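Take a look at the structure set out below.
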Amino acid sequence: MKKIGLLLFSFLLLSITIKAQQNLFNIPSGDITPKGQYFYQHQINTYGNKFESKGHFVYGLGKGWDVGANLVGTGAYFDPIWKPIYNSDFSEGKALSPTLMATLQKQFLLDKKWAVNVGTQSGINLSNSVDKWQPAYFHYGLLSYQVQAGRKLLIGPYLTNRQYVGQGNTVGIQMGYEWKLTNDFYLMGDFISGNNDSAVLVPGIMYNVSNRVQLCLGYMLPNPNTQKNQAVVFEFNWYGWNYKNNH
């Protein structure tokens, strides 16, 4: 058991320094972190009886590459009693949680307006028992179109497994948008198709607090025939470089 605990601690320590791709609310943003720079994002979804939390930290490798990890599925129920969110029993048909995932993403620039991103998020659920460790993954491709500075559209396929999304489909489409209104305010949102635990629509807004910090607010609307409830989404973005002067 001590060896298991040491392994999980080492994996968590790695996730502090090398983590995931930049996201909108739930899908990758299509942006690539500059070489040697970092980006941290923390998201909290608040439901009627619980909150969910997930953290991302991106590190840029250069030449269109991001590398890192995601820690998702943390949080707690607070009604009727306070207890942490935890599921290592795949037989229940729910997504396993919490889950730690290594990530890798590559961007191919087609011209000044079009780009293609290909990426993966792959890891395991954090269970105390080795026999309950299960592989989880989310592979994707994204085609992005830059309408003009600060305004872009994204669409692409995804392939996942039920350890990551629970019951429902494992192949689908994801779409997103970021639309600059002023120097500080943006409309932002994304959509994941299907009827699994990640299949939601989240429209929202983003505000540039400073050259390096953004705050986002959205509302989660689950797709029909899913077990997920509606939620308010809070998001904090921290850039290691001057974001406003380069976007």
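What follows draws every value from the coordinates through simple rules; no lab data is involved. Note that the coordinates shown come from a computational prediction; the quantities given were computed from them, not determined experimentally. A quick note on method: Cβ atoms are made from the backbone with ideal geometry, for glycine too, and the neighbour counts reach across all protein chains shown.
Listed by chain and number, the aspartates and glutamates whose alpha-carbon sits under 20 Å from that of K50, ignoring those within fewer than 8 places in the same chain, are D79, D89, E92, D197, E235.
Ignoring lysines fewer than eight residues from K63 along the same chain, the ones with Cα atoms less than 23 angstrom from its Cα are K19, K35, K106, K112, K113, K152, K244. A Cβ-based charge dipole, computed about the Cα centre of the chain with Lys and Arg at +1 and Asp and Glu at -1, lands at about 480 debye. A simple charge model with +1 on the Cβ of Lys and Arg, -1 on the Cβ of Asp and Glu and nothing else charged puts the dipole of region 76-152 at about 520 debye relative to its Cα centre.
Think of the chain as having a plus end and a minus end, set by charges on the Cβ of Lys, Arg, Asp and Glu; of Y59, V209, G93, Y59 sits farthest toward the positive end of this dipole. Between W238 and K112, the distance separating the two model label sites (each 7 Å from Cα on the Cα→Cβ line) works out to 3.6 nm. Express the relative contact order of region 160-228 as a whole percentage, based on alpha carbon pairs under 8 Å and six or more residues apart in sequence. For region 160-228, the relative contact order is 25 percent. Within the chain, the longest segment free of exposed loop sites, counting trypsin sites (Lys or Arg not before Pro) that fall outside DSSP classes H, G, I, E and B and have at most 16 other Cβ atoms within 10 Å, spans 114-211.
Extension gain for N225-Q37 works out to 63.6 nm (0.36 nm per residue, less the C-alpha to C-alpha distance). Counting other Cβ atoms within 10 Å as a rough exposure proxy, the listed residues I124, I205 run I205, I124 from fewest neighbours to most. Computed over the chain, relative contact order equals 15 percent, with contacts defined as Cα pairs under 8 Å that lie 6+ residues apart.
How would you rank L126, L217, L142, going from fewest to most other Cβ atoms within 10 Å of each one's own Cβ? Write down the numbers at each step before the final one.
Numbers: L126 20, L217 14, L142 24.
Neighbour counts put them in this order, fewest first: L217, L126, L142.
For G62, neighbours were defined as the other residues whose beta-carbon sits under 12 Å from its Cβ, and their charges (Lys and Arg +1, Asp and Glu -1) total +2.
Across region 221-233, computed HN-Hα scalar couplings (Karplus, 6.51 cos²θ - 1.76 cosθ + 1.60, θ = phi - 60°) run 10, x, 5, x, 6, 10, 8, 7, 9, 5, 7, 8, 10 Hz from first to last residue, x flagging Gly and Pro.
Quick check: convex hull of the Cα atoms in region 2-246, volume per residue, rounded to a whole Å³? If you can, show how the numbers build up before the last one.
Details: hull volume 29.7 nm³, N = 245.
Output value, Cα hull per residue: 121 Å³.
Give, in nm to one decimal, the length gained when the segment between Q167 and S210 is fully stretched (0.36 nm per residue of separation minus the Cα-Cα distance). Provide the component values of the computation, followed by the final result.
Working: separation 43, 0.36 × 43 = 15.48 nm, distance 4.06 nm.
Length difference between fully extended and current span is 11.4 nm.
Rounded if a/c is under 1.5, else prolate if a/b is larger than b/c, else oblate: which is region 100-139, with a ≥ b ≥ c the root eigenvalues of its Cα gyration tensor?
prolate
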